[in-house]
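Written below as structure tokens is the structure these notes are about.
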There are 2 protein chains.
Amino acid sequence: MAAHPKTSSTTRRKNDPESVQADILAVAMREFSEKGLSGARIDEIAEKTRASKRMIYYYFKDKETLYLHTLEAAYQKVRLQEAELDLDHLAPLEALSRLVRFTFRHHVQNPDFIRLVMIENIHHGRYLAQSALIQSLNAGVIDVLTSVYARGVAEGYFREGLDPRELHWLISALSFFNVSNQHTFSRIFDWQQAAPENQRKLEDHVAEMVLRYVRLDEANPQK
Amino acid sequence: MAAHPKTSSTTRRKNDPESVQADILAVAMREFSEKGLSGARIDEIAEKTRASKRMIYYYFKDKETLYLHTLEAAYQKVRLQEAELDLDHLAPLEALSRLVRFTFRHHVQNPDFIRLVMIENIHHGRYLAQSALIQSLNAGVIDVLTSVYARGVAEGYFREGLDPRELHWLISALSFFNVSNQHTFSRIFDWQQAAPENQRKLEDHVAEMVLRYVRLDEANPQK
DNA sequence: GACTGAACGTACCATTTCGTACATTGTTTT
DNA sequence: AAAACAATGTACGAAATGGTACGTTCAGTC
């Protein structure tokens with residue numbers, strides 16, 4: 001179709017480094033998130049890739065470096081999705097509720113990312129610590145929450161004295177656990193946690209929990 | 001020192017199977033929780049044991065079986081500690097608060113166990129599913145919470161309609177996340193989460209969060 | 001004290017797995 | 001078109017790793 005393979009910038013070349021690297025990263029993401037850093041096999045990643053094992057080492061030096069790049073790519077992808085959220089035009093209560101529900105669902109929709117974070121925690125965050133990129137990416141995540149909370153306090157809906165970072169911690173904890181511990185929790189308590197109706201319930205609970213925590217107690221104001 | 005090595009039941013024998021097995025399990029616990037199922041090395045476990053590699057296979061068949069036994073031992077140990085909690089003599093609000101704070105601290109004090117559960121979730125709970133022992137051990141964990149909640153509702157302190165299992169889920173989520181994601185959270189938000197004063201704050205937040213969620217709203221009763 | 005089965009040590013094997021040497025093809029620049 | 005560099009394929013090496021064969025010692029029994 002493309003008449004001029006030489007001039008077009010979107011040429012389908014025989015050598016296509018960028019797409020090869022992207023392909024490797026995509027496969028690595030699946031493998032690492034499924035089996036961990038030590039459990040994943042370079043040979044298996046190579047097999048599932050359009051490229052060969054040689055290419056993995058050519059572009060990513062070694063297994064650990066590939067893992068680090070995978071982690072960075074995962075964070076980038078997720079943070080990009082999060083940036084789409086726009087809450088400034090909503091009333092504080094509604095905005096906070098939306099934020100919580102968004103976070104909850106967002107975690108559910110990115111189980112691979114959650115698993116990578118679990119794995120990274122097993123490694124004591126050693127690789128994340130090496131990445132200035134990830135640090136900078138996440139710096140701004142709290143800003144949204146900070147502004148919503150500030151508005152809520154100013155307009156008299158939220159109680160004062162809460163730390164947005166700790167608030168974010170609470171929301172993250174509930175959303176993260178929902179994905180990370182699904183398997184053990186479901187099996188131990190014989191409860192189909194992943195079932196849609198239970199997920200809906202949990203989302204409601206989480207949202208209500210956060211709101212009750214932040215909302216000004218109507219009975220005795222400013223307590 | 002022991003004069004009659006043959007008759008004494010606490011004899012220090014040359015062959016001591018039980019202590020060998022216990023020793024292997026203890027080392028395996030440390031290694032598996034630190035490095036995961038695929039990351040842990042049988043040779044390394046053997047080295048750190050009083051016994052030899054031969055003994056590991058003699059008593060535990062293979063790596064996966066050893067891992068399963070380690071998981072079972074870990075659950076047993078933790079559930080035993082939990083059983084010490086006695087809340088029946090306390091008022092519902094106080095009892096619930098105690099339960100939450102106990103759970104929170106208990107998780108902090110058993111990081112190895114938390115890591116094992118994380119690892120088991122990475123493996124989709126495949127090994128836990130094989131263990132009837134663990135299933136039975138955990139069946140009763142919710143009972144304490146169920147009775148406290150029932151008393152709280154009956155005495156008019158708690159609102160109705162909450163599922164104790166879901167309540168347990170909330171408490172677990174907050175306590176678990178506090179340990180499981182310490183590393184990534186601390187590094188990303190440049191916050192010393194493990195610092196004693198921050199741990200105290202988080203424990204307070206978690207306790208208050210759960211109480212606010214369960215407590216009857218004084219402003220509009222039974223809503 | 002001989003016998004038997006459990007408990008244990010040593011050395012080793014087969015495979016897996018990360019990583020690389022070497023050769024080849026594609027692409028761009030001059 | 002020829003040189004120069006980037007991209008890729010194939011085959012292989014060396015170490016790590018799970019697991020076992022084989023032999024020995026210990027402890028209770030007849």
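Scanning the stretch A:58-90 for residues that are touching a residue at least 60 places away in the same chain (Cβ under 8 Å) and over 17 Å from A:Ala22 (Cβ atoms), we see that the one that is farthest from DNA strand C (Cβ to nearest atom) is A:Leu87.
In this structure, is B:Ser97 polar (S, T, N, Q), away from every other protein chain (no Cβ under 13 Å) and within 16 Å of DNA strand D (Cβ to nearest atom)?
Details: polar (S, T, N, Q): yes; away from every other protein chain (no Cβ under 13 Å): yes; within 16 Å of DNA strand D (Cβ to nearest atom): no.
No, not satisfied.
Could you list, in sequence order, the residues of the stretch A:179-188 that are in contact with a helix residue (DSSP H, G or I) (Cβ under 6 Å, 6 or more places away or on another chain), without any contact (Cβ under 8 Å) to a residue 24 or more places away in the chain and open to solvent by 10 Å² or more (accessible area, probe 1.4 Å)? Those that are in contact with a helix residue (DSSP H, G or I) (Cβ under 6 Å, 6 or more places away or on another chain), without any contact (Cβ under 8 Å) to a residue 24 or more places away in the chain and open to solvent by 10 Å² or more (accessible area, probe 1.4 Å): A:His183, A:Arg187, A:Ile188.
The rows are residues; the columns are (1) more than 26 Å from B:Met118 (Cβ to Cβ); (2) crowded, with 22+ Cβ neighbours inside 10 Å; (3) out of contact with any helix residue (DSSP H, G or I) (no Cβ under 8 Å at 6 or more places or on another chain).
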residue: A:Val144; (1), (2), (3): yes, no, no
residue: A:Ser147; (1), (2), (3): yes, no, yes
residue: A:Val153; (1), (2), (3): yes, no, yes
residue: A:His168; (1), (2), (3): no, no, no
residue: A:Phe177; (1), (2), (3): no, yes, no
residue: A:Gln199; (1), (2), (3): no, no, no
residue: A:Val206; (1), (2), (3): no, yes, no
residue: A:Arg212; (1), (2), (3): yes, no, no
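Annotation note: of B:Leu116, B:Leu87, B:Leu93, the sole residue that is open to solvent by less than 10 Å² (accessible area, probe 1.4 Å) and either under 18 Å from the mean Cα position of the chain (by Cα) or at pLDDT 95 or above (or both) is B:Leu116.
Cβ separations smaller than 6 Å between residues 6+ apart or across chains give the following pairs from the stretch B:12-31 residues that are over 10 Å from B:Ile56 (Cα atoms) to residues that are near DNA strand C (Cβ under 9 Å from one of its atoms) and among the β-branched types (Val, Ile, Thr): B:Asp23/B:Thr49; B:Val27/B:Thr49. Comparison of A:Met118, A:Met55 shows that the only residue that is assigned by TED's automatic domain parsing to the domain that holds A:Leu37, touching a residue at least 24 places away in the same chain (Cβ under 8 Å) and aliphatic (A, V, I, L, M) is A:Met55.
May I ask you to say which residue of B:Glu64, B:Glu72, B:Glu31, B:Glu44 is at pLDDT 95 or above, within 24 Å of A:Leu37 (Cβ to Cβ) and buried (at least 17 other Cβ atoms within 10 Å of the Cβ)? Reasoning before the result, please.
On the way: B:Glu64 fails: buried (at least 17 other Cβ atoms within 10 Å of the Cβ); B:Glu72 fails: within 24 Å of A:Leu37 (Cβ to Cβ); B:Glu44 fails: buried (at least 17 other Cβ atoms within 10 Å of the Cβ).
Matching residue, one of B:Glu64, B:Glu72, B:Glu31, B:Glu44: B:Glu31.
The residue of the stretch A:164-223 that is nearest to the other protein chains (Cβ to nearest Cβ), among those that are of a type in the set (A, V, I, L, M) and not in a helix (DSSP H, G or I), is A:Ala219.
Mind listing whichever residues of the stretch A:120-142 are open to solvent by 10 Å² or more (accessible area, probe 1.4 Å), within 10 Å of chain B (Cβ to nearest Cβ), part of a helix (DSSP H, G or I) and not polar (S, T, N, Q)? A:Ile122, A:Ala129, A:Leu137, A:Ala139, A:Val141, A:Ile142 - these are the residues of the stretch A:120-142 that are open to solvent by 10 Å² or more (accessible area, probe 1.4 Å), within 10 Å of chain B (Cβ to nearest Cβ), part of a helix (DSSP H, G or I) and not polar (S, T, N, Q).
The values are calculated or read from the model by the stated rules, or taken from the named source; none is laboratory data. Treat the numbers as computed from the prediction; the structure is a model and nothing was measured. All Cβ positions, even for glycine, are placed from backbone atoms using ideal geometry, and neighbour counts span all protein chains on display. To get the accessible areas, we keep the full protein, side chains included, count just its heavy atoms, and leave off ligands, DNA and RNA. Shrake-Rupley method; radii C 1.70, N 1.55, O 1.52, S 1.80 Å.
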